[in-house]
Structure formats: structure tokens, C-alpha cells
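Below is one structure, written out as C-alpha cells, with a few remarks after it.
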Amino acid sequence: MSRSFAVQPLSPATAAAHFLARLSAETDVADVHADLEAGTPGLVVVDSRSAAAWRQGHLPGAVHLPTDEIAARAAEVVPAGSRVVTYCWGPGCNGATRAALAFARLGYPVKEMLGGFEYWAREGLPVRTPQGVHRRPVDDLTAPPGTACAC
């Protein structure tokens, strides 16, 4: 008996709808990095963490808008018609999910960045701190040296 299939899998059509829904609501650090590097117009990346967390480091090009302030301040921080990507600390935190929900309720097209700031930093992508932009060493468990996910 397969432990992986101990529960009957979804039908292929239902599975396709499920995975399409996930991809419609989520993105990953590699795709966000590519969009920021390309200067993709109309994209606003929102760091929904606290001011103290923002000062510890954030994505270059991100804007800071804590989740609790989105309803009151989104219109002044995020231009109308923008597509929004939210992030928080990491996969153990649902702050980016709450932030994405707040933006969706305001009518913004929005996705949550999987992995959050943690995986951004662990993959060796640039981080802005008060001392400038730097990169941490790549964590071999997230991005082994000399290999590319190519997904």
C-alpha cells in the first residue's frame, strides 16, 4: 500500500483547478526577484512586517506597509491599478496571507510570496539594511551551489 496515495487523489481536473488556484494566489522568491530586476511596471512588493523587522532588512524595492495599516494607508502607498506581492517573515508566519487578504478586499490584484523574507535571504538574494544592500551566503538546503531549480 502506498502511503503517498493512502487517500484517493483528486481527479485530474479537480487537481488542475486546485494547482491553478494556488498559482493564482502565490508566487515565489525567484519570480519576485526576476520581476524586481526587470523593473516590471505596475508591480509593488509590500513588506507587511513591523518597523523593527523592516529595519533589520528587507527586499530592495519593497515598500513597508504593516498589515494592520493596509486598510487605512494602501491608497497612499500603493498606486491604484498596481499588482501587489506581499511578504512577511517566512513560511511559519501567515502575516503575508493576512496582508494579501487585506489588499484583495481593497480590490488590488495580489499574490503572496512563498517563503517570505527568510527564503529570500537564505537564497542569497539582495537585502537592504541601514548599512546598505548586501547578500547573505546561500543556504545549501534552499539553493545548492552550481545548480538551478529551473522550475
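Laboratory data are not the source of any read-out in this text; all were calculated from the coordinates shown. Just so you know, these numbers come straight off a predicted model, no measurement behind them. All Cβ positions, glycine included, derive from the backbone under ideal geometry; neighbour counts span all protein chains shown.
For the reader, a short list of remarks on this structure follows.
- Test: residue in segment 67-77 that is under 24 Å from residue 22 (Cβ atoms) and part of a loop (DSSP other than H, G, I, E, B): no
- Single residue of segment 46-66 satisfying the filter (among the polar types (S, T, N, Q) and part of a loop (DSSP other than H, G, I, E, B)) that is farthest from residue 126 (Cα to Cα): 50
- Residue under evaluation residue 39, criteria (1) among the small types (Gly, Ala, Ser); (2) surrounded by fewer than 20 Cβ atoms within 10 Å (Cβ to Cβ); (3) under 17 Å from residue 116 (Cβ atoms), criterion not met: (3)
- Residue pairs whose Cβ atoms lie under 9 Å apart, sitting 6 or more positions apart in sequence or on different chains, and linking a residue in segment 1-28 that is at negative phi and in contact (Cβ under 8 Å) with a residue 24 or more places away in the chain to a partner that is of a type outside the set (S, T, N, Q) and in a loop (DSSP other than H, G, I, E, B), are 26/114; 27/114; 28/114; 28/115; 28/151.
- If the condition is being closer than 14 Å to residue 66 by Cβ and not in a strand (DSSP E or B), then segment 83-92 contributes 88, 89.
- Of all residues in segment 30-56, those that are closer than 18 Å to residue 143 by Cβ and small (Gly, Ala, Ser) total 2.
- All positions within segment 83-116 that are among the hydroxyl-bearing types (Ser, Thr, Tyr) and crowded, with 20+ Cβ neighbours inside 10 Å: 86, 87, 108
- Test: residue 33 is part of a helix (DSSP H, G or I), loosely packed, with under 15 Cβ neighbours inside 10 Å and not hydroxyl-bearing (Ser, Thr, Tyr): no
- Restricting attention to segment 93-139, the residues that are in a helix (DSSP H, G or I), more than 14 Å from residue 30 (Cα to Cα) and touching a residue at least 40 places away in the same chain (Cβ under 8 Å) total 6.
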